[in-house]
Protein chains: 2
Amino acid sequence: MLNQSIANSVVSTNATHTVPSPAVPSPAANPFAEITGHAGLIASEFSYKKDEEIYGEDEPAEYVYQVISGAVRSYKLLSDGRRQIGAFHLPGDVFGLEFGSVHRLAAEAIIDTTVRLVKRRSLEQAAGTDVTVARKLWTMTAHDLRHAEDHMLLLGRKTAMERVATFLLEMDRRLAVAGMMALPMCRRDIGDYLGLTLETVSRALSQLHSQGVLGFSGARQIVLRNRQRLRSMDA
Amino acid sequence: MLNQSIANSVVSTNATHTVPSPAVPSPAANPFAEITGHAGLIASEFSYKKDEEIYGEDEPAEYVYQVISGAVRSYKLLSDGRRQIGAFHLPGDVFGLEFGSVHRLAAEAIIDTTVRLVKRRSLEQAAGTDVTVARKLWTMTAHDLRHAEDHMLLLGRKTAMERVATFLLEMDRRLAVAGMMALPMCRRDIGDYLGLTLETVSRALSQLHSQGVLGFSGARQIVLRNRQRLRSMDA
DNA sequence: CGCGCCTTTGACGGCTCTCAACTTTCGTGG
DNA sequence: CCACGAAAGTTGAGAGCCGTCAAAGGCGCG
């Protein structure tokens, strides 16, 4: 019931599980380039396989990362294994930037992922002499804070359907290409991001599908057919 | 059932509804003093009555505030009135600091409150020339982010009892005097902070009381009698 | 001293979780 | 290119935690 519901002539069938977003935004809008360019910092690249850990919670924060391709989840765990994903990082996003010396959340590659990275101490040092770097660090942290504030509202007060609607609109904004989005993450990841179980996420998506609000082309290829309706559900 | 359960000989009875914390931490630990002292900024004072709005959501962010006395809640609203309190601000805390030009959350005085305030543009300007100020702004935003990340885990994954336990330990740490805390906020505020209803908060507190984990002296005067037990409940 | 807000407590219902079975998709290898 | 097995996703039934509605009690402020 979840397939063949899209006239997806525009979508290449081998696009599954890759995030086809524009690799990295233009240099002008790229905070990493701004910083490294400005301060003459050395940026390396590194790749991680699907589900590979990039760093652990409370691990020393040695590097700051930018997603080049792939996708990353940042999360916290409770002692019994309950997980809260705080953010998904998609191509162009910077993650792992900490004020202190340790990572407050763990990070894992959701799919095969390549990142650019610079040493945190280099950034700190540059910020100590260059106010534009210092300001950029503030900007990036402030951006994360804004997202966290919105997400607290979602987690504390929205219904399951509202959470899923919010999620779809966020992902649509961040990774839709030609009106379609290829989700890199599984239902469990979505649930742990939204404070729900994977079953509840699945049921909400099925309901939206049956109402014609969205179309599937494989469980992770989604087309939004009625964004206005979705926005009205997002409370 | 909620009163006279404490041998509170140390607590003056007229302490209700005032937050008896140390007015403002030592200048060395005071971010506001650090900044204003460093940059020669002008700080004014202002007072708000109980439940008075300090600023609204999406209002221009003209000032940055520091609580001198009293208590403040920062929150977001959904269109139908559901509210998520993102943080409580107690004496010494800085709030209302935004990277952009508008406030992402509204702020209200929980009880009669006096604040110190400086113009945001003054800070921005100072940060443009002084890296220590720029760094301080980053520090404060990073601190808020850390709290928001912890709170997302609470809202997304903790049970009602775990949330209340976490809340009690947080308030104990932040405003306990002589082993007792005088909560400035009502049950509804606590519920809106924890993503619960006021009734659920009340039931959890009653249960902790009946288990001897805490003692009451009026609904808002609480003594923690078994912090270890509470920590084990907070997951 | 008394009114009104805050808090507590109870009964009940429902939204989401849990547990389970089935289906589909996807990666792998023949 | 197809077959196979495992992982991911869907769907159903039932339970439980927390929310809703309601009422009574307590405390604080005027």
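Results, tabulated for the structure shown:
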item	result
Set A:Glu162, A:Glu124: member being facing chain B (nearest Cβ under 10 Å), within 14 Å of DNA strand D (Cβ to nearest atom), over 25 Å from A:Ala109 (Cα atoms) and in a helix (DSSP H, G or I)	A:Glu162
Qualifying residue in segment B:137-159 (condition: facing chain A (nearest Cβ under 9 Å) and among the hydroxyl-bearing types (Ser, Thr, Tyr))	yes
Count - residues of segment A:118-154 that are within 17 Å of the chain's Cα centre (by Cα) and either touching a residue at least 40 places away in the same chain (Cβ under 8 Å) or over 30 Å from B:Arg83 (Cα atoms) (or both)	7
Selection count, segment B:206-223, where residues are near DNA strand C (Cβ under 10 Å from one of its atoms), out of contact with any strand residue (DSSP E or B) (no Cβ under 8 Å at 6 or more places or on another chain) and either on the phi < 0 side of the Ramachandran plot or within 14 Å of chain A (Cβ to nearest Cβ) (or both)	4
Residue in segment B:181-202 that is surrounded by 14 or more Cβ atoms within 10 Å (Cβ to Cβ) and over 29 Å from B:Gly81 (Cα atoms) present	yes
Test result for A:Leu145, outside the structural domain of A:Glu45 (by TED's automatic domain parsing) and at pLDDT 95 or above	no
Within segment A:177-205, tally of residues that are away from every other protein chain (no Cβ under 14 Å), more than 7 Å from DNA strand D (Cβ to nearest atom) and at negative phi	8
Positions within segment A:71-90 being touching a Pro at 6+ places or on another chain (Cβ under 9 Å) and surrounded by fewer than 22 Cβ atoms within 10 Å (Cβ to Cβ), in sequence order	A:Leu90
Count of residues meeting criterion [in contact with a Lys or Arg (Cβ under 8 Å, 6 or more places away or on another chain) and under 14 Å from B:Ala109 (Cα atoms)] in segment B:47-66	2
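The values are calculated or read from the model by the stated rules, or taken from the named source; none is laboratory data. This structure is a prediction, so every number in the text was calculated from the model and none was measured. Please note: Cβ atoms are built from the backbone with ideal geometry, for glycine as well, and neighbour counts cover all protein chains shown.
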